[in-house]
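Below is one structure, written out as structure tokens; comments come after it.
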Amino acid sequence: MTDLTPPADLPDGEANEPVLPPSTQASPPMSPMSPPPATPPQSAVAPWPPATPRTRKSSGLRSTLTGALVGGLVGALAAGGLVLAFADGGSTTTIVQPSSSKAVVTRPSTEISRAGNVAEIIAKDEPAIVAITTGGGPGSGDGGAGTGFVITQDGYIVTNNHVAEGATKIQVAFNDGSVAGAKTIGTDPTNDLAVLKVDRTGLPAVELGDSDASQVGDEVVAIGNALALEGGLSVTRGIISGTDRTVDTDAGSSLVGMLQTDAAINPGNSGGPLLNSQGQVIGINTAIANPASAQNVGFAIPISKAKPIIEDLRLGRAAAFLGVSTQNVTPAVARELDLKVEQGAYVVQVTADAPAKDAGVREGDVIVEIAGKPIQDSADVQTIVREHRPGDKVTVVVNRKGEQQSLDATLTERPAK
């Protein structure tokens, strides 16, 4: 989910306020989105608890993003002119950082060439997509609704962490009308991912695609539990509007390398799949822009980035930890900070007693390579570290005031939040 003002023991990939030149600083936040209707439709997932819109705020270029999650006490919120942000009711502001200088693919965009193709995608994938209802228990009044998708025939389901977070009871509804209880197997708040498990076998599962092959203009379909409407899941269609977006939250995390889409995503779509023209999952729908300040701006976690995290969570494996907080290096940032490189991951903070600190990585370094793989931006740091296990030794190459230095680090287990 790149860190710029993290707490002292910060996991890799969490971001803070970027160090940007004055010309690129974001404008002040837009006003919060209008409160949802006081009497939204109830979820068809399960009779408890009432699932009504709850939102998650952030800001892209200081616009307001809303987590695509449904839930909360809307009547009271609407009366107070407030909108819930995550489960704790706190406000979450975010910044979309400038994209990195990764090469732009110039192949023809993929298209869903005829209306029937959408029906084929629905027929292929909808049996593996579930509506999720969560709550603190019957009658607690703090339930929510989101979406998930089955990745294995024995019942492992992927969704967003903010869908499952804090829930003591989780139910999933399949498109055949059946409902099953689910338990949380693992969560990664930093990357806003969670893996659930239902006690079933022989389930249909989605096909995971390659989000790294996605480009602006590719047509996509989003399927999810939008607004927890009765009668089944909702389907929308659009294109990839942007790639490599970074969304920073005040929850202490940063969602990096996000896909942007104009396919309509609404509260309740959180955790649902973004599908390519072949019906493969290329993203996990996570956040939307406030309609008061933006139109059709949604964000999805790219599946190629999520795959190793999902597998770690499913198998209960500990994630590796380097212990750096970084910011994307862009030409503008390089000029402002007088860096000698125009791409890489600028080290804003090094966690005390972390592998990076022990290896000699310093604030102000630019990481340009890890384990023999080039680093173009902060997302690459997170991705490459996640490919390793605690105890692995990796060589971190940094550019320090124009000079390349190779530093050896032994990765440790990611500390608990």
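The values are calculated or read from the model by the stated rules, or taken from the named source; none is laboratory data. Given the structure is predicted, the values throughout are model-derived calculations rather than measurements. Note that each Cβ is placed from the backbone with ideal geometry, even for glycine, and that neighbours are counted across all protein chains shown. Accessible surface is based on the protein model in full, side chains and every heavy atom, while ligands, DNA and RNA are left aside. Shrake-Rupley method; radii C 1.70, N 1.55, O 1.52, S 1.80 Å.
A few notes on this one:
- Shape category assigned to segment 280-417 from the gyration tensor of Cα positions, a/c cut at 1.5: oblate
- Prolate/oblate/rounded call for segment 176-260, Cα gyration tensor, a/c under 1.5 rounded: oblate
- With the simple model of a label 7 Å out from the Cα in the direction of the Cβ, residue 352 to residue 335 spans 3.9 nm.
- Per-residue ³J(HN,Hα) for segment 186-195, Karplus 6.51 cos²θ - 1.76 cosθ + 1.60, θ = phi - 60°, Hz, x for Gly and Pro: x, 9, 10, x, 4, 9, 6, 10, 8, 10
- Rel. contact order, % - alpha carbon contacts under 8 angstrom, at least six apart, segment 318-406: 32
- Once C-alpha pairs closer than 8 Å and six or more residues apart are averaged by separation and normalised to the residue number of segment 233-367, the relative contact order reads 15 percent.
- Three-way shape label, segment 288-367, alpha-carbon gyration tensor, a/c 1.5: oblate
- Of the GluC sites (Glu not before Pro) found in segment 181-236, those in coil by DSSP whose Cβ has at most 10 other Cβ atoms within 10 Å are 230.
- If the segment from residue 342 to residue 295 were pulled out straight at 0.36 nm per residue, it would be longer than the present Cα-Cα gap by 13.7 nm.
- Extension gain, residue 373-residue 405: 0.36 nm per intervening residue step, less the Cα-Cα distance, totals 10.0 nm.
- Too-long pairs where the Cα-Cα distance tops 19 Å, listed order kept, from 305/401; 169/197; 357/393: 305/401
- Amide H contacts of residue 215 (H built 1.01 Å from N, in plane; Pro and chain starts excluded): no residue 5 or more places away or on another chain comes under 5 Å.
- Percentage relative contact order, segment 142-203, counting C-alpha pairs under 8 Å, at least six apart: 38
- Exposure of residue 373 as accessible area (Å², to 10), given a probe of 1.4 Å and all protein chains: 90
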